[in-house]
Amino acid sequence: MKKEELEEIEKMDEALRRRRESLHMYPEPGFCEVRTTSIIARTLTDLGFDEVLTGKDVCDADSRMGLPDQKTLDAAYKRALGEEETDPAFAGRAKDGFTGVIGILHCGEGPTVAMRFDIDALPVHESKDPSHYPTAHGFNSRHEGFMHACGHDGHTTVGLGTAAFLIRHRDQLHGTLKLIFQPAEEGVRGARSIVAKGHLDDVDFCLGSHMGGAPDTKALCIGAGMNGSLATTKINADFTGRSAHAGAMPEKGNNALLAAATAVLNLHAIPRTSQGDTRVNVGRLIAEGGRNVICDNAHLELEVRGTSKEANEYMEQYAVRILNAAAEMHQCTVALNYVGAAATIVNTPALVDEVRKAAGEAGMPAIDTGTRSAGSEDYSFMSQCVTGHGGQSCFFNNISRCAGPFHSPIFDFQEEALVSGVKEFSQLAFDLMQKK
């Protein structure tokens, strides 16, 4: 980009901050992002994007994972309609868990470039401490119990800023640009449904990024080089037994709580594998009843992870055997519901080099962020799809000073990183969509 184009993006700083702060105030969890979806769709429409896909045109209905129950979806829709900036027309298309937006620019012959921006929030209570930047500046969460604690408000803002800049300079682009605003990244639930809809089938270059950094991060920069996130599978298990009086006739009952507890202990004792490093965690166990009643229902939520596809599959298969065996041992039944999944991200070396080069061209330093991520990311489904048909993919980090770790009540990032993100994505579009 030319000096004046970089300055044009820098002048967007205040508008980007205002947009991010508005999104931060109204966090919406996965498949409930009704207000957020309507704002994105309205913005892209007003900018003049050639296509703005919403509703059932974005996600394959049957491929959505961990979809909230209808009561939760209805409540999210009703709440969004009463909030400022919600566009009722686009909100209606996002009803019943069909959130997310894809904006498309057709710029003649050339490659197809996709950029992914996730839009959902987390069930985290935001800090009310006056030292917390959003609290101090009056844009902390208005939705009690939910928070943008992973930077997705920033990701969405960067995506909209990139959209605004690139459409003004579409004469410099050759090919097709797809901006994918993805729902339900948290819990790795949403990307698979977008891939299943076919939106990545024709993509030559796929890009995604994440806000990141530590409290002692000194300077804004772009982090490239990460190659490999953890593959993961998320499972809910519902044990069903038979209730009975715990004192008078305990032998008449089948204890669902005991079955679930047996599963928990054995899940955390799964042997390791030579196929890669692994993780397992049971994060929730709910069993209601009384001290004198044999419990007949128990709900368990767990995840497994692995540094390779094979390691994760080993953990998943072992976990399923344990769940079924624990139920059988205590004469109960168990129903398994797969509510999230991700593969490993493998970056294409040539596109990693492009990310580094673009950072330099946009006047930002680029650093190597290491070879592996400790988390999971469902961008991996997009990466897997694109590289599977011969395309290239890169997931990079937009690094700034961050307050607290991801998913914590005090997480926040430097708002200056919003400009960094727009510069990087815009420069990449210019570089990848040149006329050949």
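The values are calculated or read from the model by the stated rules, or taken from the named source; none is laboratory data. In this text, all values refer to a predicted model and were calculated from it rather than measured experimentally. Because the Cβ atoms are built from the backbone with ideal geometry, glycine has one as well, and the counts that use them run over all protein chains shown. Just so you know, the surface numbers come from the protein's heavy atoms only, side chains and all, with ligands and any DNA or RNA stripped out. Shrake-Rupley method; radii C 1.70, N 1.55, O 1.52, S 1.80 Å.
Of all residues in segment 385-436, those satisfying the criterion of being within 15 Å of Val355 (Cβ to Cβ) and acidic (Asp, Glu) are Glu424, Asp431.
Of all the numbered requirements in (1) under 30 Å from His169 (Cα atoms); (2) open to solvent by 60 Å² or more (accessible area, probe 1.4 Å); (3) part of a helix (DSSP H, G or I), Glu85 misses one, and that requirement is (3).
For every residue, the table says whether it meets (1) surrounded by 14 or more Cβ atoms within 10 Å (Cβ to Cβ); (2) farther than 14 Å from Val304 by Cα.
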| site | (1), (2) |
| --- | --- |
| Ala244 | yes, yes |
| Gly253 | yes, yes |
| Ala269 | no, no |
| Ser274 | no, yes |
| Gly290 | no, yes |
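Taken over segment 164-177, the residue count meeting the criterion of being in contact with an Asp or Glu (Cβ under 9 Å, 6 or more places away or on another chain) and open to solvent by less than 30 Å² (accessible area, probe 1.4 Å) is 4. Does segment 184-191 include one or more residues that are open to solvent by 30 Å² or more (accessible area, probe 1.4 Å), in contact with a strand residue (DSSP E or B) (Cβ under 7 Å, 6 or more places away or on another chain) and under 23 Å from Gly100 (Cα atoms)? Scanning segment 184-191 turns up at least one residue that is open to solvent by 30 Å² or more (accessible area, probe 1.4 Å), in contact with a strand residue (DSSP E or B) (Cβ under 7 Å, 6 or more places away or on another chain) and under 23 Å from Gly100 (Cα atoms). With respect to (1) among the aliphatic types (A, V, I, L, M); (2) open to solvent by 30 Å² or more (accessible area, probe 1.4 Å); (3) closer than 27 Å to Ala163 by Cα, the lone exception for Ala75 is condition (3).
If you take just the strands (runs of 3 or more DSSP E) that sit entirely in segment 171-257, which of them hold at least 1 residues that are under 18 Å from the mean Cα position of the chain (by Cα) and modelled with pLDDT of 95 or more? Answer list for segment 171-257: 175-182, 205-212, 231-240.
Across segment 16-25, not a single residue is classified as in a loop (DSSP other than H, G, I, E, B), at pLDDT 95 or above and open to solvent by 10 Å² or more (accessible area, probe 1.4 Å). Scanning segment 88-138 for residues that are among the aromatic types (Phe, Trp, Tyr) and outside any helix (DSSP H, G or I), we see that the one that is surrounded by the fewest Cβ atoms within 10 Å (Cβ to Cβ) is Phe98.
The selection criterion, being farther than 18 Å from Gly340 by Cβ and in contact with a Lys or Arg (Cβ under 6 Å, 6 or more places away or on another chain), does not hold for Ala403.
Would you check which residues across segment 139-153 are touching a helix residue (DSSP H, G or I) at 6+ places or on another chain (Cβ under 6 Å) and either in a helix (DSSP H, G or I) or among the charged types (D, E, K, R) (or both) and list them? Selection gives Arg142, Asp153. Here Thr333, Thr344 are screened, and the one residue that is β-branched (Val, Ile, Thr) and touching a Phe, Trp or Tyr at 6+ places or on another chain (Cβ under 8 Å) is Thr333.
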